[in-house]
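So the structure is just underneath, and the comments pick up after that.
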Amino acid sequence: KMDRLAINEEQKENLDKIDETIKKNRKIELDKKELQDKKLEKDKKDIDKGVIIQTKSGMAASSAINGKVLSVEMEYNKKYSVTLERKDGLKVKYALLTAVNVKKDSIVAEGDKIGETGGIMHFEVIVNNLSVDPMLFSYR
């Protein structure tokens, strides 16, 4: 009976390899989680650069500029963000949208509906890749 339980050297090496693979996979999962957490923190910091606007749920989010849709993204909180860019490089970003009416690379005019809000909306103005206070900025 003891012979059946004995592990030969080759089996021991295989078990060690399996154990090492499991450890590597755990490390990969931890690294993925750390990256997700860092992205979440970055997203939260980005949100803090603009202003939060109180709205009625389902209210239209309208474009503040004439421009092109630079990006439409699903954010960490299952809400959408839309970034628009004017010909001169000025960008505006809307976040916390519950629905989106535009696609990447489409052209929008000032006042066009770009999406819908869910009670609040984040609004940010970006000049030379730096966020500026949208309340002090002229869009024309």
Keeping the other protein chains in place, figure out the carbon and sulfur percent of the accessible area of the chain, with a 1.4 Å probe.
54
Distance between modelled label sites at ASN101 and ASN8, nm, 7 Å Cα→Cβ extension:
7.4
For ALA109 and ASP37, what does the FRET efficiency come to when R0 = 41 Å and r is the distance between their Cβ atoms, rounded to the nearest 0.05?
0.55
For the chain, averaging the sequence separation of alpha carbon pairs under 8 Å that lie six or more residues apart and dividing by its residue count, the contact order in percent is 26
For the chain, which longest stretch is free of loop sites, where a loop site is one of the chymotrypsin sites (Phe, Trp or Tyr not before Pro) that DSSP puts outside H, G, I, E and B and that has at most 15 other Cβ atoms within 10 Å?
1-75
Hey, with R₀ at 35 Å, roughly what FRET efficiency would LYS78 and LEU15 work out to, going by the Cβ-Cβ distance, to 0.05?
0.25
Treating only the Cβ atoms of Lys and Arg (+1) and Asp and Glu (-1) as charged, compute the dipole magnitude of the chain about its Cα centre; round to the nearest 20 debye.
320
Would you work out the charge dipole size for the stretch 47-130 about its Cα centre, treating the Cβ of every Lys and Arg as +1 and the Cβ of every Asp and Glu as -1, and quote it to the nearest 20 debye?
80
For a 23 Å ceiling on Cα separation, which of these pairs sit above it: LYS38/LYS79; LYS79/LYS104; LYS12/LYS32; LYS33/LYS56; LYS87/LYS113; LYS24/LYS79?
LYS12/LYS32; LYS33/LYS56; LYS24/LYS79
So what's the net charge close to LEU30: Lys and Arg +1, Asp and Glu -1, counting the other residues with Cβ under 13 Å from its Cβ?
+3
Any chance you could run the full-extension gain for SER131 through VAL51? It's 0.36 nm times the residue separation minus the Cα-Cα distance, nm to one decimal.
27.7 nm
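The values are calculated or read from the model by the stated rules, or taken from the named source; none is laboratory data. As the structure is a prediction and not an experimental result, all values here were calculated from the model. Don't worry about glycine lacking a Cβ; one is built from the backbone with ideal geometry, like all the others, and counts go over all protein chains shown. In case anyone asks, the SASA skips ligands and DNA or RNA and just uses the protein heavy atoms, side chains included. Shrake-Rupley method; radii C 1.70, N 1.55, O 1.52, S 1.80 Å.
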